[in-house]
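Notes for the one structure printed next.
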Amino acid sequence: MTGGQPTAAAVADDIVTETLLRCWLRETGALPDADARAIDVGLPASGLSIRAMVTHRSPSGWHRFAQPELVPPAGTPSPVDAGLLAALLVREIAAEQGLPAAHGAEALGRIIDSARRIAAHLDARRTGGHPSAVPPFLAAEQASLTGHPFHPAAASRQGASDRAMAAYSPERAGFFALHWFAAHPSVVSTSGVPAAERSSATRPPGGSHHRVTHLLAELYGGDDASGAVGGHRPIGADPSAPTGTDRGGLRDAHRHATSFGGPAGPGEFGGNALPPGYVPVPAHPWQARELIEGADSPLAQLLADGRLIDLGRSGSPWYPTSSLRTVWRPDSRVMLKLSLGLRITNSRRVLHLGELRLAEMITRLVDAGLGAALTARHPNFHLIGEPDWVAVTRSDRRPPPSGESERRGIAQLAGTSDDGDGTVGLETAIRTNPFGLTDRAVSMAALVAPRPDRAGDSRGRSRAAMLPRLLTRLADRRHEPVRALAETWFGSYLTVLAAPVLDLYLQFGVGVEAHLQNTLVTLDADGWPVIGWYRDSQGYYVAASAAAAMERLLPGFATGLDAIFDDELVAERIIYYLFVNNVFAVAGALGAAGVADEHRLLGRARDLLARMASDARSDHGPAGPPAVRRRLLATLLTAPTLPSKGNLRTCVDGRDELIGPVATQSVYVQIPNPLLEAAP
């Protein structure tokens, strides 16, 4: 204890311990009985067991526990911490798979690293306080200190120093200037036509390639880029801090960002002239350092022969969002999703040409009519596009043979994404930015994230989350029961977010990975959700049942892309991402915070599904959803178990979820269906 509160390390240990227990129960299909006072976890591989008192039982799995104890075959039980619990559970999973105990060493290291980083984030928040005058969108992106509520290594940043993460993490309110390279057109691929398929004789004078290179030039130009970005001082900085409207201000902003521990680039502090005919290409500063230090990397070869020139760090600061690799500015019309070779949760976050092309194609599909058709049904829901991209590719890169997919795995080398597509680690997706200084768009992850910076104990952390606090204050102002308000809020959230995502599949045959971090709601002045948003164009699935319709909408849309999947797989992913990861998590978080009856919230979800199922059954015309898609609703309403990603098992297995066939990138398990417990 320090100053009457538990240390940051103790709080982080408690968080990770509770997460591990929740993961284990979910991934073994063990739901405590409604009147259970304790759980007992047998560990045959070690001959031990774990016992924990249940302080809150959740149908959705958002349980809370008292300090667990290690129970030996004989003797006195003793408290168990996160490190020991992780070691025991990792060993158990390895033994189940017939693997040696040492197989889980990397997973164990990542779990311990996650606990350490949560403690560091909490320490920084306690000592530094909350930045002032932060726009609502950015405040939400910086809110979570603990990450995914059902991932044992949610905060791990494998490969990054604490010093670097102080500048690069949203949890630390980081901001930084981008690192820039100048690339010869022969090694630049962009949305439209990749470099290997382009020649000076065939390259069109305009189109998307020209649009992208012009935008990049604007972004690199900084204070001269009145269309893309404008000058501003770092958010939360002292009012006397210089803005980006003068070159000195850019240099000072760069030094400010570097003082947080970000590595200085080899170039000057900004303003290096762009060689005529070259294309400016942005990079995350951490990624740039890793690539430059790789003496034998493909990037080093490009630097050596002059086709790539290191311009160093330049420009006004950008702000990392909750994904870490996507950066935002309030005065820019775009966000940038940058390749980042860090392993975050289950994957190294480097971009592959197939992913970039998929995002481009999906945006074109939306613009070709899919978006308008969805808007006509759900005017308060929007898909955020990633229409453009840029990547540096080796000059010997060749396009895949006709019909061969480019949505393949990513090499496991830190900092690079080259697995045959010619990329070298400098890849950026360009996302439309609909959020400015005053937009109250908040990710669902931020709304339910426990807040250890505001309370030390498990229940207090849950109650201090953004959404429970919002509802409690609303109840105080309106003198109404908070549980009734929570139920109404949840219903509005289902209307603006869950229903449109379901309809996107039922009516149009397109699924999205609508998990907590990828979905947002715009809140009105009182905190009610009025608009729903989905971001991440790489998380789309076109169902086989809709392939012909999408081909008519955009001929050739799937050429060379792994974009079409069996309806069964698409339905599985919608069930996990939208319901298990999102709807059930929101219900569970509000229940754990004590501001809602979780069963009633799940009942609201059942009501929505029942209404949609009734509407789908009554619409047997050619415009109605086919039977293969209607099965999704029946599964959610009646199946005893539902598919869920097993993040603990995926972590122990060592899978990178961006490698290999989409159907086997993660370990999936079956969990008890919470909606059955809420059935009348």
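Every number in this text was worked out from the coordinates using simple rules, so none of it is lab data. A quick note: this is a predicted structure, and the numbers were derived from the prediction, not measured. We place every Cβ from the backbone using ideal geometry, glycine too, and count neighbours over all the protein chains shown.
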Item checked: Where only C-alpha atoms are counted, convex hull volume of region 557-600 per residue in Å³ -> 91 Å³
Item checked: HN-Hα J in Hz across region 666-680 - Karplus 6.51, -1.76, 1.60, θ = phi - 60°, x for Gly and Pro -> 10, 8, 10, 10, 9, 10, x, 6, x, 5, 6, 5, 8, 5, x
Note to self: From the Cα trace of region 522-562, what convex hull volume per residue do you get, rounded to a whole Å³?
What the structure shows: 106 Å³
Next item on the list: Divide, for region 498-581, the radius of gyration over alpha carbons by 2.2 N^0.38 Å, where N is the residue count.
Entry: 1.19
Check: Considering every Cα-Cα pair within region 127-195, what fraction, in whole percent, is farther apart than 16 Å?
Finding: 66 percent
Margin query: Can you compute log10 of I(q)/I(0) for region 8-129 with the Debye formula, treating each Cα as one identical point scatterer, at q = 0.18, 0.20 Å⁻¹?
Written below: -1.00, -1.18
Check: Net charge near Tyr534, counting Lys/Arg +1 and Asp/Glu -1 over other residues with Cβ under 13 Å of its Cβ?
Finding: -2
Notebook entry, point to check: Mind listing the phi-derived Karplus ³J(HN,Hα) values for region 631-640, rounded to whole Hz, using 6.51, -1.76 and 1.60 with θ = phi - 60°, and x for any glycine or proline?
Noted result: 4, 4, 5, 5, 4, 4, 7, 10, 5, x
Check: Can you tell which of Val80, Val90, Ala120 lies farthest toward the positive end of the dipole of region 8-129, using +1 and -1 charges on the Cβ of basic and acidic side chains (Lys, Arg; Asp, Glu)?
Finding: Ala120
Note to self: Using amide H atoms built in the peptide plane, which far-off residues or other-chain residues are under 5 Å from Gly312 H to H?
What the structure shows: Trp180, Gly267
Next item on the list: Name the long-range amide H neighbours of Ala464: under 5 Å, sequence gap of 5 or more, or other chain; modelled H, no Pro or chain starts.
Entry: Arg451
Notebook entry, point to check: Kirkwood Rh over Cα pairs of region 452-558 into Stokes-Einstein at 20 °C, 1.002 mPa s: D in µm²/s?
Noted result: 131 µm²/s
Notebook entry, point to check: About the Cα centre of region 441-638, what is the dipole size in debye to 20, counting +1 per Lys and Arg Cβ and -1 per Asp and Glu Cβ, all else neutral?
Noted result: 640 debye
Margin query: Test of understanding: ordering Ser545, Ser332 by Cβ neighbours within 10 Å, fewest first, what list do you get?
Written below: Ser545, Ser332
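Whole number please: convex hull volume per residue, Cα atoms of region 286-362, in Å³.
Dividing the Cα hull volume of region 286-362 by its residue count gives 142 Å³.
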Next item on the list: Amide H neighbours of Phe65 under 5 Å, at least 5 residues apart or on other chains, H built in the peptide plane: list them.
Entry: Thr55
Check: Using θ = phi - 60° and the Karplus form 6.51 cos²θ - 1.76 cosθ + 1.60, what ³J(HN,Hα) does each residue of region 559-575 get, whole Hz, x for Gly and Pro?
Finding: 4, x, 10, 8, 10, 9, 9, 4, 4, 4, 5, 4, 4, 4, 5, 5, 4
Check: Once a ≥ b ≥ c are taken as the square roots of the eigenvalues of the Cα gyration tensor of region 555-645, is the result rounded (a/c under 1.5), prolate (a/b larger than b/c) or oblate (a/b not larger than b/c)?
Finding: oblate
Note to self: Charges on Cβ only, +1 for Lys and Arg, -1 for Asp and Glu, centred on the Cα centroid of region 8-129; of Ala9, Ser49, Ala107, which one is farthest towards the dipole's positive end?
What the structure shows: Ala9
Note to self: Over all directions, how big on average is the projection of the convex hull of the alpha-carbon atoms in region 441-638, in square nanometres?
What the structure shows: 12.3 nm²
Item checked: 14 Å beta-carbon shell around Ala547, net charge (K/R +1, D/E -1) -> -2
Notebook entry, point to check: In what sequence do Glu293, Glu92 fall when counting other Cβ within 10 Å, fewest first?
Noted result: Glu293, Glu92
